[in-house]
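The block underneath contains the structure these notes are about, expressed in structure tokens.
Just so it is clear, none of the values below were taken in a lab; they were calculated from the coordinates. Keep in mind the model is a prediction, meaning the values are calculated, not measured. A quick note on method: Cβ atoms are made from the backbone with ideal geometry, for glycine too, and the neighbour counts reach across all protein chains shown.
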Amino acid sequence: MTRTPEEMKNEILRLTREYSLHMHSMQRPGDDPLRPAFDAAKDGVAYAGRVFTEDEVVAAVGATLDFWLTLGPEGTAFEKELSELMGVRNSLLVNSGSSANLVAISTITSPKVPAARRLLPGDEVITVAAGFPTTVAPIVQCGAVPVFIDAIPSTGNADCDQLQAAYVPGKTKALMFAHALGNPFDLTRVLRFCKEHDLWLIEDNCDALGCTYSMPLSVARELELKHLLKAAESGHPWIRIEDLGGGSEPVLTAPTGTWGDISTQSFYPPHHLTMGEGGAVNIVKQAALKVIAESFRDWGRDCWCPSGKDNTCNKRFGWQLGELPEGYDHKYIYSHLGYNLKPLDTQAAIGRVQLKKLPAFIEARKRNWDYLRQGLADLEDVLEFTLPTHATAWNSSGFEWDSSGCRTECSWFGFMLRVKPGAGFTHSQLARHLDENRVGNRMFFGGNLVRQPVFVQLRHDRPEAVRIVGDLAGADQIMNQAIFLGTYPGLTKEMLDYEIEVIKGYIDSSLVSRT
Ligand SMILES: Cc1ncc(COP(=O)(O)O)c(C=O)c1O
């Protein structure tokens, strides 16, 4: 009996599902009944990891059998689904969050952006000293100067009090900050500053997919956030005008990554959704930036035909650009010094399945953070815990908020804590103990980035390549005192209990040895 290709594919996918159910049970979400029980005597608790079921494996194998390989139908569908979900104009898939940041910064260097706003070599981009290196590296790679301002230890985010001191008229062209570990930075102050000085805002949203920020409606109007107000009016599920109660003014709420000009995502395994390697550049509102970003991603070409297509512009042989002869094939005309940063279509197929699970992943991250916060609450004499931006205090029923009328809702990348000076142990001693007990933990990425060998060398080789505002004491404090635990959706209640027990056990024993 000969089988049709479709029957063969179905059989392969049936077996794939069976295989994955058997082999990948440890990667199922924490609340999935098919996930094996956690055994505290031998299992470790990772700080992050891929969370998937047989659905992602079937999607990957299906796309591989189709063998489109390069970014194609799955990629196009993913880009559309992500942009619609977030409420941005376009999303472009790239092969990592770092590439997304590179494309984002490159985009504003294009001669196609208005001359007064174009980022030229020697121009400055204000960024924050504490965080991940590839939020900053593209600024240098594009010939611009990163201007480091300090971070606030309690939030991990940029200290907006330093924006004015960092600003140089005519030289400062953009602000680029990450929402630290899923904690939105103060978008109200940042956007007001950008509006006042006509600066680009690039949001590194790599660790923050699913976070939301809310600001009073009157402020949103003053900042002319027309794209968000319009999306809220047209009923976008994630962008809305809400009443927070207590007689205060209604707020505009929208996801991080939709407030600035361009934002970026990472889909590396620890992030909110994964396709192995991968990332995205979100063009928030200006259509013209999409063509530029796409050009940087796709070799620098002027043509915008999707892969496998010719003559989308209907004048493939009708252009005359640069010093090329009239009619030179548009497919081989280059307007930027570009890269090739595309992922594979198979990755996009995995991402599409993950995207459907995003709401559940976001809720799990919030739930896990809350569980750790409650569980560690009585350690406040030796540990300091992160506060969401605009929160002033935490208690067991929630957060207290400042008087700005702004709120944040965090889809946490991690649970950051700082060991107080005088605690009797340091953050690296605690980290080592957690490691020995198989509890995954991380420092806040590069700590104070200017102290990393690469930036020390750069400052030595080319002192003019970076600029530093103030003493960066907050970033140093994060570097010297902070670690973070996981909040990812693969964690179970038993794993979180084990983490809490290990931390409490260590602190109890170190307090005993101190007395
Ligand atoms: C804030 C931030 N930006 C960018 C990146 C880079 O993402 P990728 O690892 O996908 O290159 C990371 C990585 O974790 C990150 O935390």
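Observations, loosely collected:
- All strands (runs of 3 or more DSSP E) inside the range 315-418 with 1 or more residues being of a type in the set (Val, Ile, Thr): 391-395, 407-409
- Looking across the range 237-273, the residues that are surrounded by fewer than 23 Cβ atoms within 10 Å (Cβ to Cβ), under 20 Å from the mean Cα position of the chain (by Cα) and among the hydroxyl-bearing types (Ser, Thr, Tyr) come down to THR253, TYR268.
- Residues in the range 22-51 that are among the polar types (S, T, N, Q) and either exposed (fewer than 12 other Cβ atoms within 10 Å of the Cβ) or in contact with a Leu (Cβ under 8 Å, 6 or more places away or on another chain) (or both): SER25 only.
- Residue match in the range 210-224 (condition: aliphatic (A, V, I, L, M) and under 22 Å from GLN265 (Cα atoms)): no
- Only one entry of ALA288, ALA349 meets the criterion of being more than 16 Å from the ligand (Cβ to nearest atom) and buried (at least 23 other Cβ atoms within 10 Å of the Cβ), and that entry is ALA349.
Here is a yes/no grid of residues against (1) in contact with a Phe, Trp or Tyr (Cβ under 9 Å, 6 or more places away or on another chain); (2) of a type in the set (Gly, Ala, Ser):
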position	(1), (2)
CYS406	yes, no
GLU409	yes, no
PHE413	yes, no
LEU417	yes, no
GLY424	no, yes
ALA431	no, yes
ASN441	yes, no
VAL450	yes, no
ARG462	no, no
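- Restricted to the range 72-161, the set of helices (runs of 4 or more DSSP H) holding at least 3 residues that are within 16 Å of the ligand (Cβ to nearest atom) comprises 97-107, 133-141.
- Any hit, the range 191-201, residues being under 23 Å from TYR268 (Cα atoms), within 16 Å of the ligand (Cβ to nearest atom) and touching a residue at least 40 places away in the same chain (Cβ under 8 Å): no
- Selected residue (criterion: farthest from PRO463 (Cα to Cα)) from residues of the range 145-177 that are small (Gly, Ala, Ser) and surrounded by fewer than 24 Cβ atoms within 10 Å (Cβ to Cβ): SER154
- Those residues of the range 362-394 which are of a type in the set (S, T, N, Q), free of Cβ contacts under 8 Å to residues at least 40 places away in the same chain and over 22 Å from VAL251 (Cβ atoms), in sequence order: GLN374
- Residue list for the range 167-189, filter: touching an Asp or Glu at 6+ places or on another chain (Cβ under 7 Å), under 15 Å from ARG467 (Cβ atoms) and either without any contact (Cβ under 8 Å) to a residue 24 or more places away in the chain or within 16 Å of the ligand (Cβ to nearest atom) (or both): MET176
- Qualifying residue in the range 248-265 (condition: in contact (Cβ under 8 Å) with a residue 12 or more places away in the chain, under 21 Å from LEU344 (Cβ atoms) and among the small types (Gly, Ala, Ser)): no
- Tally of residues being surrounded by 12 or more Cβ atoms within 10 Å (Cβ to Cβ), more than 15 Å from the ligand (Cβ to nearest atom) and not in a loop (DSSP other than H, G, I, E, B) across the range 432-447: 5
- The lone criterion from (1) within 30 Å of ARG50 (Cβ to Cβ); (2) loosely packed, with under 13 Cβ neighbours inside 10 Å; (3) of a type in the set (Lys, Arg) left unmet by LYS315 is number (1).
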